[in-house]
Amino acid sequence: MPDAPGLELILAEINRENPGAVLDTSYDREQAALIIDPAKLIEVLTWLRDTPGQEYTFLSSVHGADYFPKAPRFAVHYELLNRERYERLRIKAIVANPEDPEELPVVPSVVELFPTADFQEREVYDFFGIVFEGHPDLRRILMPEDYVGWPQRRDFPVGGEPVIFTRDEVTNPGWWQ
Amino acid sequence: MARMEDTLHDRELRQAGTLRDEEITVADFTAELSDRVPGVEFELEPEQEMLTVNMGPHHPATHGVLRLVVDLEGEVVKDLKPVIGYVHTGIEKSCETMQYWKVIPFVERMDYLSYFFNMQAYVGAVETLVDLEVPRRAQWLRVLHMELNRIHSHLVWLGTTALDLGAMGVYFYCFRDRDRVLDTFEMSTGQRMHTRYFQIGGVAEDIPAGFEQKVRELIVQLNTGISQYESLLDKNEIFLIRTKDVGVVSRERLLQLGVTGPLLRAAGDPWDLRKEGGYLAYPELEFDVPVGTVGDGYDRYRVRLTEMRESLRIIEQILDGLPEGPWIADDRKYALPPRAELSTSMESLIHHFKLVTEGFRVEPGEVYNPVESPRGELGCFVMADGSSKPARVHFREPSFINLQALADMTIGEYVADLIQTLAMLDPILGGIDR
């Protein structure tokens with residue numbers, strides 16, 4: 001893992017080429033993370049992947065996070081890995097929830113850079129409603145295709161989904177309506 | 001051309017003039033069609049016709065509820081799309097409603113063949129979050145059970161894969177030996193599957209008397225067993241033809257697709273988190289990482305079989321050098337006090353009550369904890385928000401990621417080999433869908 005000073009160096013180098021790309025760093029419980037502006041996501045990941053000395057060429061995992069009730073609310077985490085030095089680095093693209101409830105938060109897709117992100121971005125879209133701009137096939141992956149709602153959001157209730165049993169007809173006639 | 005015997009139906013057709021003895025070629029057929037329908041030229045080029053076949057969701061060879069939409073040209077796969085989610089149960093969401101220590105049984109049930117690994121990924125992440133040291137004996141006991149679990153998982157894989165290729169006997173032998181592994185789990189943890197053995201801070205219980213003897217007997221039996229599978233399959237002409245040079249994807253492409261585990265090692269990359277990450281007791285143990293050369297189905301089979309032997313080596317070393325000491329951390333804020341203390345110590349009683357009713361609170365933070373499961377890198381991401389329940393639990397399931405490589409492995413090959421390639425991928429749908 002890059003330690004706290006190492007992270008500051010990475011921040012300075014990225015921000016020299018893309019000012020304002022890295023907003024902050026965090027080093028907590030031996031886990032290093034860069035907090036970045038989602039608009040510069042592709043530039044930051046390309047730099048980390050291709051710059052000699054960095055070479056985070058393997059994308060382990062992509063997952064969404066919901067910091068509700070904090071704002072900005074959502075984040076997409078990219079767990080990068082350097083296989084030679086066995087160093088892990090987490091990139092957190094922080095994205096706010098649009099004020100219009102009809103709109104969804106948007107993050108650029110990294111499938112071009114890391115083909116492994118394909119299913120994982122679909123999963124984040126499925127559960128958090130974060131749209132990945134440029135994804136070749138952005139559909140729901142685990143939930144049914146006609147499902148309405150974003151189940152992993154923190155304000156989505158557990159048990160909000162009615163469970164349909166035929167025995168409910170006795171106590172609750174017309175349960176299917 | 002005389003026929004041996006005509007059915008009644010054939011005779012009727014011949015009398016009506018619609019059945020002919022000579023062979024009809026495609027050209028004849030299209031010419032006749034064009035004759036019958038004036039003004040339309042019929043063309044039929046069979047090699048350009050695409051057929052979309054739906055494999056699954058209920059198909060015995062998909063090893064679960066997996067649906068594959070396959071585009072075929074003749075017998076050659078031209079495109080393949082996996083459709084998943086049929087057994088999605090929302091485990092990650094359910095974890096957010098449970099206290100940290102009550103999440104363990106949930107995560108065990110994701111990938112139902114590698115429950116000890118799921119537990120270790122989750123429990124390790126929580127231990128990092130609360131900065132809890134696991135006693136040495138507990139670390140060794142965890143590795144012992146994880147390696148037994150790896151053998152159990154590979155045995156189920158080998159049995160079902162051989163069954164897909166028509167070797168039915170191997171299936172029964174594998175499940176015989178798998179049952180023996182489950183017997184040891186039953187002895188040490190009380191359950192055959194989904195044991196809930198790992199606790200935050202250690203393991204639930206020390207191993208019972210006689211367990212070591214039982215595992216030593218198991219090692220002998222398994223060594224014989226693995227030799228038996230090798231002699232059944234290694235020189236089996238059908239097995240060799242079906243697996244050699246089938247489903248090859250280059251190592252670079254596999255890395256781009258995020259594939260880890262035996263699939264990557266079969267392609268010649270000695271990537272094993274037990275060596276690289278060095279978690280638990282693995283740095284103290286001696287074992288080798290088997291790699292393949294070509295990356296075909298046969299290499300995947302060889303790598304997994306050799307891995308079982310290496311796991312036996314690790315288990316033997318653990319039985320020889322198991323350190324004495326406590327098996328769960330002494331920190332009463334996170335680990336339950338021993339039962340005997342409850343009747344003598346008021347403080348223990350309070351701790352017990354607090355842990356069971358409210359659980360423990362975790363300072364805000366995020367941890368990603370990867371382990372090497374039988375299918376590759378199994379990572380658990382846990383986000384804490386200061387309460388006694390996790391704000392997010394996410395699993396990086398190796399089956400889920402590896403499934404993306406299936407299209408690359410099968411496009412351009414025969415549909416019959418698709419079964420073999422899918423079996424060699426070793427997908428567990430409980431893990432994919434979560």
Does any residue of the range B:122-144 turn out to be among the hydroxyl-bearing types (Ser, Thr, Tyr), away from every other protein chain (no Cβ under 14 Å) and out of contact with any Cys (no Cβ under 9 Å at 6 or more places or on another chain)? no
Which of the residues that make up the range B:331-349 are closer than 24 Å to B:Leu280 by Cα and either without any contact (Cβ under 8 Å) to a residue 24 or more places away in the chain or of a type in the set (Phe, Trp, Tyr) (or both)? B:Arg332, B:Tyr334, B:Pro337, B:Pro338
Which number in (1) touching a helix residue (DSSP H, G or I) at 6+ places or on another chain (Cβ under 9 Å); (2) in a helix (DSSP H, G or I); (3) surrounded by fewer than 22 Cβ atoms within 10 Å (Cβ to Cβ) marks the one condition that B:Met308 misses? (3)
Just one of (1) surrounded by fewer than 16 Cβ atoms within 10 Å (Cβ to Cβ); (2) of a type in the set (Lys, Arg); (3) closer than 30 Å to B:Leu129 by Cβ trips up B:Lys81, so point out which. (3)
What is the one condition in (1) charged (D, E, K, R); (2) loosely packed, with under 14 Cβ neighbours inside 10 Å; (3) more than 30 Å from B:Asp417 (Cα to Cα) that B:Asp206 does not satisfy? (2)
Every listed condition ((1) surrounded by fewer than 12 Cβ atoms within 10 Å (Cβ to Cβ); (2) modelled with pLDDT of 70 or more; (3) in a helix (DSSP H, G or I)) holds for B:His9 save (2)
Tell me which residues, restricted to the range A:30-50, are loosely packed, with under 15 Cβ neighbours inside 10 Å and either among the polar types (S, T, N, Q) or without any contact (Cβ under 8 Å) to a residue 12 or more places away in the chain (or both). A:Thr46, A:Asp50
Can B:Asn236 be described as of a type in the set (S, T, N, Q) and at pLDDT below 90? yes
Output the number of residues of the range B:378-425 satisfying the condition of being outside any loop (DSSP other than H, G, I, E, B) and charged (D, E, K, R). 4
Here are some residues: A:Leu34, A:Leu11. Which one is modelled with pLDDT under 90 and more than 23 Å from B:Arg392 (Cα to Cα)? A:Leu11
Applying the selection to the range B:357-375, what residues are facing chain A (nearest Cβ under 10 Å) and either crowded, with 23+ Cβ neighbours inside 10 Å or part of a strand (DSSP E or B) (or both)? B:Gly365, B:Glu366, B:Val367, B:Tyr368, B:Asn369, B:Pro370
Would you call A:Gly53 modelled with pLDDT under 90 and either of a type in the set (Val, Ile, Thr) or touching an Asp or Glu at 6+ places or on another chain (Cβ under 8 Å) (or both)? no
Given the residues B:Glu147, B:Glu108, B:Glu75, B:Glu96, which is the only one that is within 14 Å of another protein chain (Cβ to nearest Cβ), charged (D, E, K, R) and touching a residue at least 40 places away in the same chain (Cβ under 8 Å)? B:Glu96
Those residues that are within 19 Å of B:Gln99 (Cα to Cα) and among the hydroxyl-bearing types (Ser, Thr, Tyr), I need them from the range B:116-159; list them, please. B:Tyr122, B:Thr128
Any chance the range B:176-190 includes a residue that's part of a loop (DSSP other than H, G, I, E, B) and surrounded by fewer than 24 Cβ atoms within 10 Å (Cβ to Cβ)? yes
Take the residues of the range B:96-129 that are in contact with a Lys or Arg (Cβ under 8 Å, 6 or more places away or on another chain) and among the aliphatic types (A, V, I, L, M): which is surrounded by the most Cβ atoms within 10 Å (Cβ to Cβ)? B:Met119
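Which one is farthest from the chain's Cα centre (by Cα) among residues in the range B:385-406 that are small (Gly, Ala, Ser) and facing another protein chain (nearest Cβ under 10 Å)?
Result: B:Ala391.
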Quick one: in the range A:67-126, which of the residues that are within 11 Å of chain B (Cβ to nearest Cβ) and among the β-branched types (Val, Ile, Thr) is farthest from B:Ile84 (Cα to Cα)? A:Val111
Checking B:Gly431 against (1) farther than 30 Å from B:Glu358 by Cα; (2) part of a helix (DSSP H, G or I): exactly one of these is not met. Which one? (1)
Residue count for the range B:327-384, restricted to those that are over 29 Å from the mean Cα position of the chain (by Cα), under 30 Å from A:Lys92 (Cα atoms) and among the aromatic types (Phe, Trp, Tyr): 2
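Residue-by-condition table, conditions (1) more than 16 Å from the chain's Cα centre (by Cα); (2) of a type outside the set (Gly, Ala, Ser); (3) more than 17 Å from A:Asp37 (Cβ to Cβ):
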site: A:Val62; (1), (2), (3): no, yes, yes
site: A:His77; (1), (2), (3): no, yes, no
site: A:Tyr86; (1), (2), (3): yes, yes, yes
site: A:Val106; (1), (2), (3): no, yes, no
site: A:Ser109; (1), (2), (3): no, no, no
site: A:Phe119; (1), (2), (3): no, yes, yes
site: A:Pro136; (1), (2), (3): yes, yes, yes
site: A:Gly159; (1), (2), (3): yes, no, yes
site: A:Glu169; (1), (2), (3): yes, yes, yes
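Quick grid of which residues meet (1) more than 25 Å from B:Glu186 (Cα to Cα); (2) more than 14 Å from every other protein chain (Cβ to nearest Cβ); (3) surrounded by 15 or more Cβ atoms within 10 Å (Cβ to Cβ):
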{"site": "B:Gln213", "(1), (2), (3)": "no, yes, no"}
{"site": "B:Ser227", "(1), (2), (3)": "yes, yes, no"}
{"site": "B:Val249", "(1), (2), (3)": "yes, no, yes"}
{"site": "B:Val259", "(1), (2), (3)": "yes, no, yes"}
Within the range B:86-94, does at least one residue satisfy the condition of being under 30 Å from B:Leu51 (Cα atoms) and crowded, with 17+ Cβ neighbours inside 10 Å? yes
3 or more residues among the small types (Gly, Ala, Ser): qualifying strands (runs of 3 or more DSSP E) within the range A:42-158: A:58-66
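The values are calculated or read from the model by the stated rules, or taken from the named source; none is laboratory data. Please read these numbers as outputs of a predicted model, since none were measured by experiment. All Cβ positions, glycine included, derive from the backbone under ideal geometry; neighbour counts span all protein chains shown.
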